[in-house]
Amino acid sequence: MKASWRTASLVATAASVLALTTACGQDNATTPASAAQNVGATAAAGDYGNPGSGTTTGTGNGYGADGSKSSASPAPVSPAGKLTVASNPDLGNVLTDGSGLTLYRFDKDTANPPKSNCDGDCATTWPPVPADDASAGTGIDKALLGEVTRADGSKQLTVGGWPAYRYAKDVNAGDVNGQGVGGKWFALAPNGKKAKLSDLPGLSVHKDPKLGDIVVDRNGMTVYRFMKDQAWPKSVSNCTGACLEKWPAVGPVGADDTEGVKKKGLMPFTRPDGVKQMTVNCWPIYTFSGDKAPGDTNGQGVGGTWYAVSPDGKPVGAPGN
């Protein structure tokens, strides 16, 4: 009889835990495979990484060739298209091409004046991004986009003066396998600098002089709620298409990577397009493309439907709240 009572008690406890962890129809807080890549050098210092094998080669010149020239011909590359800003859990905001592939810069290049020092074999592993059709998407200053003429006469995209490249080992949107290779290759931030996280956690609380305590992301950018979304019985985002260009969805953040934000209902859900989006108290959260610097709150009250988020998930300043 005692054993039966204990078994029933354990079952009831397990059921209550399950109900708590699946509240509002969320998914487990897992990080997408592409974002979970080990960020760091994938080649020894001085190498550029050989995409044709599991090992890397190099002679210490920074890209694995005896000189800047080689008989090897770079493989054809696709157009850059409309550049976008992607949020990476380890690097913060990263610049990507129209296909979502990460763009990189090379420490042996120069930005003033712009000059590429990656040719031959190097350019096979690190294909230069064509400048011809590159355009600035949301969150990117088009004035920072330019071009440089390479040794073969082709035009390469520059960002903040730095020549831009893709990496041959990046095959999926969001991959950052080129980060830190040889200690000389780094993902590009939207302003042309090296992508780098601030010291902030994934989500934290900022005291705004007008709004009080509001949630910000790891880059210090204000987080917002959309009043047309739904939190219960499951999280639903009603911001799609062009809306997402203005209000980018905040990606998954681990509960242990937050500070001052209510833990209950702090988990991601899967959007209809298959992308995971973070929630606070089960409400989907976003940033605003009109905010250009940490602390900006230009999205507050837009359309009477967008509001900054309080640490407990409520919309700050919304009527009735």
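The values are calculated or read from the model by the stated rules, or taken from the named source; none is laboratory data. In this text, all values refer to a predicted model and were calculated from it rather than measured experimentally. For neighbour counting, all protein chains shown are included, and Cβ atoms are generated from backbone atoms with ideal geometry for every residue, glycine included. Protein only, heavy atoms only, side chains kept; ligands, DNA and RNA dropped before computing areas. Shrake-Rupley method; radii C 1.70, N 1.55, O 1.52, S 1.80 Å.
One table, with the values for the structure above:
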| quantity | calculated |
| --- | --- |
| Counted charge near Lys196, where neighbours are those whose Cβ lies closer than 13 Å (Asp, Glu -1; Lys, Arg +1) | +2 |
| Mean projected area in nm² (Cα convex hull; one quarter of hull surface) for the range 150-261 | 11.3 |
| Viscosity 1.567 mPa s, temperature 4 °C, Stokes-Einstein D of the range 247-315 from Kirkwood C-alpha radius, µm²/s | 101 |
| Solvent-accessible area of Cys122 with every protein chain in place, 1.4 Å probe, in Å² to the nearest 10 | 0 |
| Relative contact order %, the range 242-301, counting alpha carbon pairs below 8 Å whose residues are six or more apart | 34 |
| Leu144 accessible area, assembled protein chains, probe 1.4 Å, Å² | 60 |
| Protein-only accessible surface order, largest first, of Ser135, Ser116 at 1.4 Å | Ser135, Ser116 |
| The range 124-257: Lys pairs at Cα distance under 25 angstrom, eight or more positions apart or on different chains | 25 |
| Chain lengthening between Asp199 and Val275 when straightened (0.36 nm per residue, less Cα-Cα) | 24.8 nm |
| Accessible surface, 1.4 Å probe, highest first, among residues Lys184, Lys228, Lys196 | Lys196, Lys228, Lys184 |
| Using a Förster distance of 25 Å, the FRET efficiency for Asn117-Ala173 (Cβ separation, nearest 0.05) | 0.35 |
| Relative contact order of the range 130-197, pairs being alpha-carbon contacts under 8 Å that are 6 or more residues apart, as % | 25 |
| Sequence of Met278, Met221 from largest to smallest accessible area, 1.4 Å probe | Met221, Met278 |
| Cα-only radius of gyration and Dmax that characterise the range 201-285, units Å | 12.4, 37 |
| Antiparallel DSSP beta bridges within the range 69-212, percent to nearest 5 | 90 |
| Nearest-10 value in Å² for the accessible area of Asp175, using the 1.4 Å probe | 0 |
| Relative contact order of the range 114-251, defined on C-alpha pairs under 8 angstrom at six or more residues apart (%) | 15 |
